[in-house]
C-alpha cells in the first residue's frame, strides 16, 4: 500500500479505494463505484441502513491549494445533487432517503492516508 | 463553540441602531453566507475578514459559516461590520470568550493585513449607543478623537484585529481621556473687515443674521457677493455645545469631520457649485443615504453662487428643507431624515453677461434676456427669501479708503445682542427667530406700532404688497427693531424692511 510516488490519477484512485475500505469498516454497504453518466461521475454510492449515501472523495497531498473541501465548489455541489437524483431514478430507488457526504483524503509523509468524513454536506 | 453573538451599530441618518452579529459555524462544505440586507461594501467584508484573520495568525474555519445581521429588516451598509464579524468568528472558533465581548460594541473596517481602519459616523453612533445604555466600545484608533467627545462611553481605540483580540483576552479596557469641549476659539482667517465698502449689503447680511432671514444678493461679477457670503458664518452666534455636537455628527456621517475639526463652534459654510445635482444638494445615495449640502450646512450658511445657472429642480429641492428645517429622503431601503436648518444665501448676476448694473452701459443682453435671467429662480423659492440686496461695484472713494470696514467681531456682537432680545420675546414659543414667526401670531401678538401698521396697510391698499409680503416685511421689521434695540418695530423700521424686501422691482 505504501508507495513513494502517485500520479494524479493513481492518487485519486488510491484515495477512493481507501475511503471505500473506511466506509465499509463503518458499516456502510457499497452499492456502486465510479458511476458515470454524461453529466458526470459519482465516486461512491453506499447504503447506510435505509439511507442512500452519495460520496464525493477528494484527495490531496497538501493544503497549499486549499483543502479537499474547498475543491467542492457550489457548481460541483449542484451537479452532485443532480447526479444523485439521476442515480436514484435509474436504480428504481425513487423516494428513498438519501444524503450527500464529502470525504477529504490527505496523503501524509508516511505514505498513508488521513481521512475526514463530513456527513450531509448539502 | 460554534455559535456566537457580537453587537455593533448601524446608522440610519444620524440615528444609530444596535445590530446583532451572529455567527454559526456548522459542519458541511466550506462556504460563507451573509444574511440581513447587506449592501455591496458589506458583501465584500467576507474577503476582507478572511484575509485579516489569516494574516493575523488565526485560521479561517474550513466549514460552513453563516453570518446573520439582525434585525434583518434594517438595511446594513458599509465596511464598519468587518470588526464585529471577525470578532464573532473568533468567538465561534474559540479564540475569544463570549463573555469578554458581551456589553461591548465593535465598529471598524479591516485591512487585509488585519489593521483596523477609520470609518465614518463614529460620533453619532456612540451618541446613540449611550442612549441604548451601551457604555463600552472598541473602535479604530483613528476615530478616537471624535469618540472622546462622547462622554460616558468608554471607547477603546485599537489599531488592529490582533490588538483587539489581545484586549478582549486581557480584559483590560483602558480608559481614554475625554476631550473637554473646546475653548471658544475660532480658526477663521476670513473677516468682514476685508470687504471694502458695501454698506448696504453688509447691513442686509447683519439683519439676515439677526432674524434668520434668507437673502439674495444681486450684483455684477467681482463686486464681493461671494466675499460677503463667505464671511457670514463669522457674524452668526457661535454654536452651543449641543448644536456643535449635532453638526459634528452630520459631518462625521459624511466622513468630512476632520476638515472642520470635531466640535467646531463656527457655524458651517457650504457652497455647492451651481452644476450640483439634487441628490448632492439634499442628500441621497442608493443604500447609504448620505447627507447633502443642505444638511452639511445645518445651523450654518448654505451659499449658492450663480443661482440662476442652477440645474432646473435643484433650487426647488431646497423648498422642503427651507420649510421644515430637515430633509426626508426615501429610497427602496427606507426613509432617512437629516436635519437641515440653514441660512440660505443666493447670489446672482443681474443678467447673463453680468454687466447690467449702474447705468448698465456695457451690458450686451437684450431686455428679454435680462428679464428671463432672474426668473430662473422660481417664484415659490423667491417667496421664502426675505431679503433682496443689491451689491454694487465699490466706488473709488470706498476702494481708496485705508481704514478697514467694521470687523466681524463687532457685527457679531450686535447680532448676538439682538438675538438675545428676540430669544427673550419668544420664550415658550415654538420658534426662535424672527423669520419664523407664524402669520397669525404676527397679527395677534407681534404687530408693529400704530403708525408702522398704518404704513403697511397703505402699502396693502395700493397693491404694492401681497398678504405674504405683508408678513415678510413685518418679520424683517422685527429684526431691524431688534438691531436698534426698539421694543416694537416703528415706522422707520418698517420702512427699512420695505427697502430690504423690495430692493428688486426688476424681478417681481
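Residues in the stretch A:29-50 include none that are at pLDDT 90 or above, within 14 Å of chain B (Cβ to nearest Cβ) and touching a strand residue (DSSP E or B) at 6+ places or on another chain (Cβ under 8 Å).
Residue A:59 meets all of the listed conditions (1) under 25 Å from residue A:7 (Cα atoms); (2) outside any strand (DSSP E or B) but one, namely (2).
Residues considered: A:84, A:77, A:102. Of these, the only one that is facing chain B (nearest Cβ under 10 Å), surrounded by 14 or more Cβ atoms within 10 Å (Cβ to Cβ) and assigned to a helix (DSSP H, G or I) is A:77. Being at pLDDT below 90 and in a loop (DSSP other than H, G, I, E, B) is the filter here, so list the residues in the stretch B:465-486 that pass it. Selection gives B:465, B:466. Remark: pairs (first residue in the stretch A:105-122, within 13 Å of another protein chain (Cβ to nearest Cβ) and in contact (Cβ under 8 Å) with a residue 40 or more places away in the chain; second residue part of a loop (DSSP other than H, G, I, E, B) and loosely packed, with under 13 Cβ neighbours inside 10 Å; Cβ separation under 6 Å; 6+ apart in sequence or on different chains) = A:118/B:27. State the number of residues belonging to the stretch B:393-418 that are closer than 30 Å to residue B:315 by Cβ and modelled with pLDDT of 85 or more. So the answer is 5. Exactly one residue out of B:293, B:254, B:340 is within 30 Å of residue B:365 (Cβ to Cβ) and within 11 Å of the chain's Cα centre (by Cα): that is B:293. Considering the stretch B:1-45, and only residues there that are within 14 Å of chain A (Cβ to nearest Cβ) and in a strand (DSSP E or B), the residue that is surrounded by the most Cβ atoms within 10 Å (Cβ to Cβ) turns out to be B:25. Going by the structure shown, is residue B:83 within 14 Å of another protein chain (Cβ to nearest Cβ), closer than 30 Å to residue A:67 by Cβ and in contact with a helix residue (DSSP H, G or I) (Cβ under 9 Å, 6 or more places away or on another chain)? Taking the combined requirement at face value, the residue does not satisfy it.
For the stretch B:268-284, the tally of residues that are assigned to a loop (DSSP other than H, G, I, E, B) and touching a strand residue (DSSP E or B) at 6+ places or on another chain (Cβ under 8 Å) stands at 4. Against the list (1) more than 30 Å from residue B:253 (Cα to Cα); (2) at pLDDT below 85, the condition residue B:333 fails is (1). In the stretch B:47-54 there is at least one residue matching the filter, namely being within 30 Å of residue B:332 (Cα to Cα) and out of contact with any strand residue (DSSP E or B) (no Cβ under 9 Å at 6 or more places or on another chain).
Could you tell me whether residue A:66 is over 14 Å from the mean Cα position of the chain (by Cα) and either within 11 Å of chain B (Cβ to nearest Cβ) or part of a strand (DSSP E or B) (or both)? Here the answer is yes, as residue A:66 does meet what is asked.
One line per residue, one yes/no per condition, for (1) free of Cβ contacts under 8 Å to residues at least 40 places away in the same chain; (2) out of contact with any strand residue (DSSP E or B) (no Cβ under 8 Å at 6 or more places or on another chain); (3) farther than 19 Å from residue B:134 by Cβ; (4) crowded, with 20+ Cβ neighbours inside 10 Å:
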{"position": "B:70", "(1), (2), (3), (4)": "no, no, no, no"}
{"position": "B:88", "(1), (2), (3), (4)": "no, no, no, yes"}
{"position": "B:91", "(1), (2), (3), (4)": "no, no, no, yes"}
{"position": "B:94", "(1), (2), (3), (4)": "no, yes, yes, no"}
{"position": "B:98", "(1), (2), (3), (4)": "no, no, no, no"}
{"position": "B:101", "(1), (2), (3), (4)": "no, no, no, yes"}
{"position": "B:104", "(1), (2), (3), (4)": "no, no, no, yes"}
{"position": "B:107", "(1), (2), (3), (4)": "no, no, no, yes"}
{"position": "B:119", "(1), (2), (3), (4)": "no, no, no, yes"}
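There is no residue in the stretch B:238-251 that is farther than 24 Å from residue B:436 by Cβ, without any contact (Cβ under 8 Å) to a residue 24 or more places away in the chain and surrounded by fewer than 18 Cβ atoms within 10 Å (Cβ to Cβ). Considering the stretch B:47-62, and only residues there that are part of a helix (DSSP H, G or I) and away from chain A (no Cβ under 14 Å), the residue that is farthest from the chain's Cα centre (by Cα) turns out to be B:55. Elements of the type helices (runs of 4 or more DSSP H) sitting completely within the stretch B:356-435 and holding at least 2 residues that are within 24 Å of residue B:346 (Cβ to Cβ): these cover B:367-375, B:379-383, B:408-425. Of all the listed residues (B:455, B:442, B:433), the sole one being touching a helix residue (DSSP H, G or I) at 6+ places or on another chain (Cβ under 6 Å), surrounded by 13 or more Cβ atoms within 10 Å (Cβ to Cβ), over 24 Å from residue B:202 (Cβ atoms) and at pLDDT 90 or above is B:455.
The values are calculated or read from the model by the stated rules, or taken from the named source; none is laboratory data. No experiment lies behind these values; they were computed from the predicted model shown. No Cβ is skipped: glycine too gets one built from the backbone with ideal geometry, and neighbour counts run over all protein chains shown.
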